[in-house]
Every structure is written in C-alpha cells, then in structure tokens.
Amino acid sequence: MLRRPLVARCLVFLGALLALMGCASAPVPVGHAEADTAVPAVPVVTPDVFRDGVTVGRDGEDGLWLSWSLTDTTSGRRTGSSNAATERTNAESAIKAWIAADHLRVARDAGRTVSASERDLIRRSVRSSDDQAAERLYRGLGGDRVLAHLEPVCGVDVSTSRRGYWSYAQLTAVDATRILTCVLDRAPSYPGGAELVADLRNVDESGSFGIRELLGGDTPVAEKNGWTLHSDTGWNVNCVVAFDDYALAVMTRFPAERPESYGWGVCRDVTADVLTAMRG
C-alpha cells in the first residue's frame with residue numbers, strides 16, 4: 001500500500017527533471033543577436049572618370065593652350081578637356097607612328113616584305129624621332145596621301161595646314177588617341193608590325209616625358225610624342241601614350257620664352273591628375 005504513492009512521487013520528480021533538462025537544452029534562435037547588432041554595409045564606390053570627368057590643375061594656366069583626351073580603348077568611352085574634340089594643333093612628331101604603320105600597311109597590300117633599310121627608317125623615325133627618316137617614309141608613300149589614308153583605315157579625317165608637311169597635320173586630342181589606338185590595333189597584322197609596336201614601347205629617353213615612372217615600370221607603355229619650337233608661334237609639345245586599356249593625349253602650345261621642359265611638365269601633371277582620378 002505504501003509503494004504506489006512512492007512510485008508515483010518518483011515518476012512526478014523524474015518528469016519534472018526531464019522537463020527542466022529540455023528547457024536548458026532548447027535551441028537558441030540563430031542570428032537573433034546578430035540581426036540586432038549588425039552594422040549596415042557601406043557601398044563601395046568605383047571611380048568613373050568618364051562619367052564624372054577629371055579636374056586638371058594646369059587647366060587655365062596663363063599663356064598655356066591645353067587640350068587633352070583620355071579614351072577607354074575597350075568601351076570607346078572618353079573624357080577630356082572641353083576643347084578635346086574641337087580645337088586642333090600641329091601633330092609634330094606624334095604623327096610618325098601613323099607614317100610608319102601606313103608604310104607597313106601598303107607593303108602588306110602589295111604582298112611584299114619590308115626590307116632591312118625600310119625597317120631601319122621606321123626604327124629611327126619612331127624610337128629616335130628622326131625627322132629625315134620620317135620624311136623619306138612620307139615621300140615614299142606619296143606625301144600627303146599618307147594623311148588621306150587615315151580616314152578609310154582609322155576613321156580619322158586629317159589634313160595638313162601646309163601642303164607636303166607631315167608635322168603640320170592638324171589633330172585634336174581625340175584624333176591623337178584614335179590614331180595611336182588604331183596603329184596598335186592594326187600593326188600586328190602588317191609585316192614588321194610587331195617590331196613597330198616594340199619601337200613605340202621603347203622610344204629613346206629624350207623623346208619620353210615620364211609616363212612610365214608615373215605608371216610603374218611593369219606597365220607596358222606605347223608612346224609617340226612631338227615637340228617643335230616655331231619662331232612665330234612658340235612651342236608645340238604633344239604627348240600621346242597608350243597603356244593597359246587606355247589612350248591619353250595631352251596637346252600644348254606655349255610661348256617661346258618658356259623651356260621645352262615646361263611642356264613635358266604639363267604632360268606629366270595632366271597625366272598624374274588623370275591617374276589619381278582613375279585610382280580614386
């Protein structure tokens with residue numbers, strides 16, 4: 001008679017103990033605390049110079065005419081100064097990249113190889129900016145016909161302000177980027193084209209304005225710059241380069257009283273401003 005109440009009391013105690021253990025081991029909702037204390041993610045803003053533009057410190061400098069253009073050679077998007085597509089200036093030696101490429105193009109179309117002497121003229125014209133070598137190439141192709149070839153091949157309409165003079169070819173900054181991009185795109189299909197690209201990536205130090213130092217030594221840079229002191233109008237200094245998937249042209253004119261190095265400094269400063277904006 002005494003055992004049944006004792007058993008009942010034991011069963012009640014055991015049930016209470018199991019219930020207590022179940023509460024202690026009940027799962028805690030996952031993520032509840034995190035949801036209460038999580039910090040909202042900050043969106044990463046990627047710089048877009050083609051949308052936002054670039055502020056150039058040398059713009060508006062007294063006595064300096066400046067025009068510049070940056071092109072994304074993959075998408076075709078552009079940014080630059082307000083006059084980048086409207087105001088022209090002498091191409092100077094920057095046009096030599098096209099003179100060399102057109103010589104190779106004509107040789108390809110004629111089904112002939114490029115001789116060692118022709119190759120030497122191209123190397124001297126591009127790497128050393130040898131005017132006499134460029135002149136021989138230009139005359140050999142019919143003079144100003146070389147400029148006329150730009151429109152059907154590269155889609156750039158260019159003429160010279162002095163008949164028979166390649167250095168007086170009139171370019172906008174946009175034209176300059178399009179021409180160098182076209183040369184780099186098409187040259188590999190021409191006989192001797194790989195050598196021309198190598199020339200453009202290895203111009204003599206005297207003809208380079210320092211873009212390699214700004215970009216770092218591991219970035220391949222193709223460039224063909226031009227500079228001339230005119231007795232009547234002063235200096236023309238043009239810097240045209242291609243790196244990664246971009247082409248950049250900086251075109252300048254300034255008084256003869258200033259040194260040539262002033263123009264190279266403008267090219268470097270504009271390039272530095274552009275690179276800073278691109279990197280954010």
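Yes/no per residue for (1) under 22 Å from Ile99 (Cβ atoms); (2) touching a Cys at 6+ places or on another chain (Cβ under 7 Å); (3) outside any loop (DSSP other than H, G, I, E, B); (4) at pLDDT 95 or above:
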{"site": "Thr177", "(1), (2), (3), (4)": "yes, no, yes, yes"}
{"site": "Val183", "(1), (2), (3), (4)": "yes, no, yes, yes"}
{"site": "Leu229", "(1), (2), (3), (4)": "yes, no, yes, yes"}
{"site": "Asp232", "(1), (2), (3), (4)": "no, no, no, no"}
{"site": "Asn236", "(1), (2), (3), (4)": "yes, no, yes, yes"}
{"site": "Ala247", "(1), (2), (3), (4)": "yes, no, yes, yes"}
{"site": "Arg258", "(1), (2), (3), (4)": "no, no, no, yes"}
{"site": "Val270", "(1), (2), (3), (4)": "no, no, yes, yes"}
{"site": "Met278", "(1), (2), (3), (4)": "no, no, yes, no"}
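Filtering Gly216, Gly234 for residues that are of a type outside the set (S, T, N, Q) and out of contact with any Asp or Glu (no Cβ under 9 Å at 6 or more places or on another chain) leaves a single hit, Gly216. State which residue pairs qualify: first residue within 14 Å of Gly234 (Cβ to Cβ) and inside region 52-66, second residue among the polar types (S, T, N, Q) in any location, beta carbons under 9 Å apart, and separation of 6 or more residues or different chains. Sorted first by the residue in region 52-66, then by its partner, the pairs are Leu64/Thr252; Trp65/Asn83; Trp65/Thr89; Trp65/Thr252; Leu66/Ser81; Leu66/Asn83; Leu66/Thr252. Filtered by the rule that a residue be modelled with pLDDT under 95, buried (at least 16 other Cβ atoms within 10 Å of the Cβ) and not hydrophobic (A, V, I, L, M, F, W, C), region 209-227 gives a lone residue, Arg212. Scan region 154-171 for residues that are surrounded by 16 or more Cβ atoms within 10 Å (Cβ to Cβ) and more than 15 Å from Ala91 (Cα to Cα) and report the count. The number of residues fulfilling the criteria is 1.
Go through region 192-205 residue by residue and tally those that are in contact (Cβ under 8 Å) with a residue 40 or more places away in the chain and either crowded, with 19+ Cβ neighbours inside 10 Å or closer than 27 Å to Glu260 by Cβ (or both). Walk me through it before giving the result.
Of region 192-205, the ones in contact (Cβ under 8 Å) with a residue 40 or more places away in the chain are 192-193, 195-196, 199-200, 202-204.
Now restrict to residues that are either crowded, with 19+ Cβ neighbours inside 10 Å or closer than 27 Å to Glu260 by Cβ (or both): 192-193, 196, 199-200, 202-204.
Residues that pass the stated criteria total 8.
The values are calculated or read from the model by the stated rules, or taken from the named source; none is laboratory data. Just so you know, these numbers come straight off a predicted model, no measurement behind them. Positions of Cβ are backbone-derived with ideal geometry, glycine not excepted, and every protein chain shown enters the neighbour counts.
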